[in-house]
Structure formats: structure tokens, C-alpha cells
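Worksheet: the structure to be examined is printed underneath.
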Amino acid sequence: MLHLQMDQHNYMNAYFYPIENPYYAIIGPSGSYAIDRIPPGKYKIIAWHPILGIQEKEIEVGSTGKVVANFEFSK
């Protein structure tokens, strides 16, 4: 993970979390996300927050291609 921060304005920053596959999502304003075109199989899914850390879950994508994985971060 790379944290890019401007040294004159502490609120101007960005985070880069490099991944090595095409399966990722950025959450929307409501907190929802979707990752499309995942082949059936077992996977580890990771939710990352720059302050609250990382959460991981194991999921299994079936032939329907739909799985619900909810993450809850608390302060």
C-alpha cells in the first residue's frame, strides 16, 4: 500500500493498493460494491480501509456467479 500525501495540506492525500488480478471494486457512497465476471471457484476476498485495517473472508462463487460478502468496520 502506498500513501501519497501533500505536505502543505494534510487533507489532500490518496492511497494506492496494488493488486495482481482484474477482480476489485471501489465502494460507492452507500457502501455497496460489485465485482463482475468472476469464474466459479473458491476465493479469498479482502476489504481494506486506510485507518481501520484489513478484513478477509473466504467465498465460493457458484455457477450463478452471485455471492454476498458483507464487511463491517468499527472504530
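The values are calculated or read from the model by the stated rules, or taken from the named source; none is laboratory data. Only a predicted model underlies this, so the values are computations on that prediction, with no experimental measurement involved. Backbone-built Cβ (ideal geometry, glycine too); neighbour counts: all protein chains shown. Just so you know, the surface numbers come from the protein's heavy atoms only, side chains and all, with ligands and any DNA or RNA stripped out. Shrake-Rupley method; radii C 1.70, N 1.55, O 1.52, S 1.80 Å.
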* Asked: Across region 11-17, in residue order, what do the Karplus-derived ³J(HN,Hα) couplings come to in whole Hz, using 6.51 cos²θ - 1.76 cosθ + 1.60 with θ = phi - 60° and x for Gly and Pro?
  -> 8, 9, 8, 8, 10, 10, 10
* Selection of GluC sites (Glu not before Pro), the chain, meeting DSSP coil and at most 15 other Cβ within 10 Å -> 20, 72
* Asked: In the chain, carbon and sulfur make up what percent of the accessible area (probe 1.4 Å)?
  -> 53
* Structure fact -> Which of (1) 11.9; (2) 14.5; (3) 13.4 gives Kirkwood radius over Cα pairs in Å as computed here? It is (2)
* Asked: What is the packing order of peptides 6-17, 43-54, taking the mean over residues of other C-beta atoms within 10 Å and listing the highest first?
  -> 43-54, 6-17
* When only C-alpha pairs under 8 Å and at least 6 residues apart count, what is the relative contact order of the chain, in percent? -> 19
* Structure fact -> Once the dipole of the chain is set up from charges on Cβ (+1 Lys and Arg, -1 Asp and Glu), the residue from the list 1, 64, 32 lying farthest towards its positive end is 64
